[in-house]
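Single-structure report; data block below.
The values are calculated or read from the model by the stated rules, or taken from the named source; none is laboratory data. Note that the structure is a prediction, hence the values are computed from the model and not measured. Using ideal geometry, Cβ is built from the backbone for each residue, glycine included, and neighbour counts are taken over all protein chains shown.
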Amino acid sequence: MIEKYSFLTADFQKDAPKEMMLLSIISQSFFQPFSLEDNLLVILTALTSGSGVGFNRAMLFLKDGDRLRGEMWLGPSTPEEAGYIWEVLSTPGIGYVEIIEHNRALVSKDENTLSRRMKNLVFTLDEKTCAQFPARAACHREIYLVREASNDPQVDPRFLALVQVDEFLCIPLVAQDEVFGEIVLDNAFTRVPISPGDIKLAGLCGLIASNYIYSTTLHKRLLDAEKMAAMGEMAMFVTHQLRNPLVTIGGFTDQLLLPEGVSDEKRERNLRIIHDEIARLEGIVYQMGHFLKVSMKEPVYFDVAPAIEAVLRSPEVQARGREYSLTVKIEPCLPQVLCDPTSFGEVLRNLLHNAFDATPPGGTVSVRAYRKNSTSFVLSVGDTGKGISNPDKGQLFQPFFTTKEKGMGLGLPFIKRVMDTCGGQIQVRSRVGKGALFKLIFQSREGSQRS
Amino acid sequence: MKKILVVEDEKALCLLYEEELQRAGYAVTAVSDADAALEEIGKGSFDLIITDIRMPGKNGIELITHIMGLRKDIPIIINSAYQSHKEDFMTWAADAYVVKSSSLDELKLKIKELIGE
């Protein structure tokens, strides 16, 4: 017999062991696309919810440069509030999302929240504060349980004045040999002594939290590095694209300014060259702005047949198509296709220009549009041109990759973005010297039955 | 008169180099791709070759490799829009690397250094 189970448990069972509850709450947070702050809140929630480990309050400090800064303090401010919250949290049917919502509201509430009060608590991780708790735990990377705090000179007096408890637990957040912060836990209201079992579980939470912060930070660093690399590539390409027209404009302008003067004929010629190069620069700027625009329009269902015809009838396509044998097969009664109609037109226009560019005059360029099945539609553009080599195939959709002499390498990345936005697919088939076929598969539905 | 071969795929730039280097007192032959350049080198003798890197067909680096196989004695200047290629060791086979600029002064200076006026 085979049974299927879900990763996520729908709600909390009161009688489940603490460890189970804790793992359950925390692991669920990694299923949600929440921010780092939200997920840290989840970990604090796990430490303080009645059904979790059950500390009364949890404080989070994050490392900020060489300082440990108070970030978040979760827990009730008064015993009355504590009683109320624990009652709410242990209500059957209350799930993870509700608890997080509740805690988020608690953390973001104005004025009298604990978080606001602890934001001023900043410890420099130097010798002086590292000799005192709570910062000492982060400095030494060890878990410390502090008892009889009010009589102990090793406890920072500002901290003590704020928390007003005699017993607290310090969990440093350390991952891959790097300190990320510290969690401080106490039982300010119930005054229940912190047990060795609680310390073990809290330590586990600390490990999870620190690894979570570590991987999030790492991920962000990687993304930044990738962005920087992409920007570098783009800068290099743009430099090249802009430099040639600029050199030409500069050079021919200098000729016009020569002290010995130039003939009328040459002046006329130079001005024309300068004029053409400026038009080329404008084209580059237009393409950059157009294809690299940040947001794509929302896809909608629209009648695809007229959109295809409009592109095929456009003067530029007609003009270029004359040099080729252009075959068009459009199935009658095409469905409605999911895409932004303007982007769809641009996609087809781009594919056609690529096909023309790759094919010597006299070759064949073919456009086909047909239903694949009741929910998908295929638009394909094929050519009998030079084809795409295997190494080039891997880079086709990378911005600024081009095999064309004056191409920007922005057409196919644009097509990919359009297809990603409308949940479509792109298939490319090609043999060097034989040609290429680009097949775009869109989501479709039966709509108005215009042919 | 010293003879220079210019290899540049952009028509307008080709024309500009041709006119400006002629004005500076050189005999200039300008071609738009590497194959045409190799043909010219086979036909006549040049004192200097100036080549772009990015061109259709063989690129500038491939052209230099071919020239090295034919004639090792002709000085070569790479003239490219890519600043970053300057650090590329493949370009070291050339005698100079000049980044394209709207002023041809640096290019003219390098030519003068390599072959004189």
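The residues on offer are A:295, A:325, and the sole one that is of a type outside the set (Val, Ile, Thr) and closer than 24 Å to residue A:383 by Cα is A:325. One residue stands out in segment A:16-34 among those that are at pLDDT below 70 and not in a helix (DSSP H, G or I): the one that is farthest from residue A:207 (Cα to Cα), namely A:16.
Filtered by the rule that a residue be basic (Lys, Arg), part of a helix (DSSP H, G or I) and within 14 Å of chain A (Cβ to nearest Cβ), segment B:80-117 gives B:86, B:108. Counting only helices (runs of 4 or more DSSP H) wholly contained in segment A:232-332, the ones carrying 2 or more residues that are under 30 Å from residue A:419 (Cβ atoms), within 14 Å of another protein chain (Cβ to nearest Cβ) and under 42 Å from the mean Cα position of the chain (by Cα) occupy A:264-291. When you scan segment A:354-365, do you find a residue that is assigned by TED's automatic domain parsing to the domain that holds residue A:318, in a strand (DSSP E or B) and within 17 Å of residue A:330 (Cα to Cα), even just one? So far as segment A:354-365 goes, yes, one or more of its residues are assigned by TED's automatic domain parsing to the domain that holds residue A:318, in a strand (DSSP E or B) and within 17 Å of residue A:330 (Cα to Cα). For segment A:361-383, the candidate set comprises residues that are buried (at least 17 other Cβ atoms within 10 Å of the Cβ) and closer than 26 Å to residue B:9 by Cβ; within that set, the residue that is nearest to the chain's Cα centre (by Cα) is A:383. Kindly check whether there is at least one residue in segment A:384-393 that is surrounded by 19 or more Cβ atoms within 10 Å (Cβ to Cβ), touching a Cys at 6+ places or on another chain (Cβ under 8 Å) and not small (Gly, Ala, Ser). No, every residue in segment A:384-393 fails to be surrounded by 19 or more Cβ atoms within 10 Å (Cβ to Cβ), touching a Cys at 6+ places or on another chain (Cβ under 8 Å) and not small (Gly, Ala, Ser).
Selection of strands (runs of 3 or more DSSP E) fully inside segment A:132-197 by the criterion of at least 3 residues being out of contact with any Cys (no Cβ under 7 Å at 6 or more places or on another chain) and assigned by TED's automatic domain parsing to the domain that holds residue A:61 returns A:168-175, A:178-186.
Based on this model, can you work out whether residue A:312 counts as of a type outside the set (Lys, Arg), under 30 Å from residue A:243 (Cβ atoms) and touching a residue at least 12 places away in the same chain (Cβ under 8 Å)? Considered against the rule, which asks whether it is of a type outside the set (Lys, Arg), under 30 Å from residue A:243 (Cβ atoms) and touching a residue at least 12 places away in the same chain (Cβ under 8 Å), residue A:312 comes out as no. Within segment B:50-79, the set of residues being part of a helix (DSSP H, G or I) and in contact with a helix residue (DSSP H, G or I) (Cβ under 9 Å, 6 or more places away or on another chain) comprises B:60, B:61, B:62, B:63, B:64, B:65, B:66, B:67, B:68, B:70.
Please determine whether any residue of segment A:428-440 is over 22 Å from residue A:324 (Cβ atoms), surrounded by 13 or more Cβ atoms within 10 Å (Cβ to Cβ) and of a type in the set (A, V, I, L, M). No, segment A:428-440 contains no residue that is over 22 Å from residue A:324 (Cβ atoms), surrounded by 13 or more Cβ atoms within 10 Å (Cβ to Cβ) and of a type in the set (A, V, I, L, M).
To keep it simple, each residue is scored yes or no on (1) within 18 Å of residue A:128 (Cβ to Cβ); (2) surrounded by fewer than 17 Cβ atoms within 10 Å (Cβ to Cβ).
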site	(1), (2)
A:144	yes, no
A:147	no, yes
A:154	yes, yes
A:157	yes, yes
A:160	yes, no
A:167	no, no
A:181	no, no
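Residue B:62 meets each of the listed conditions (1) crowded, with 16+ Cβ neighbours inside 10 Å; (2) away from chain A (no Cβ under 11 Å); (3) of a type in the set (Asp, Glu) apart from (1). Of all positions in segment B:22-34, none carries a residue that is away from every other protein chain (no Cβ under 12 Å), more than 25 Å from residue A:267 (Cα to Cα) and in a loop (DSSP other than H, G, I, E, B). Being among the charged types (D, E, K, R) and under 17 Å from residue A:72 (Cα atoms) holds for only one residue in A:178, A:142, A:182, and it is A:182.
Results for (1) farther than 27 Å from residue A:233 by Cβ; (2) not polar (S, T, N, Q), shown as yes or no for each residue.
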residue	(1), (2)
A:343	no, no
A:365	yes, yes
A:371	yes, yes
A:418	no, yes
A:427	no, no
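Here residue A:190 meets each of (1) modelled with pLDDT of 90 or more; (2) surrounded by fewer than 16 Cβ atoms within 10 Å (Cβ to Cβ) with one exception, condition (1). When segment A:318-355 is filtered for residues that are buried (at least 20 other Cβ atoms within 10 Å of the Cβ) and over 28 Å from residue A:375 (Cβ atoms), only A:324 remains.
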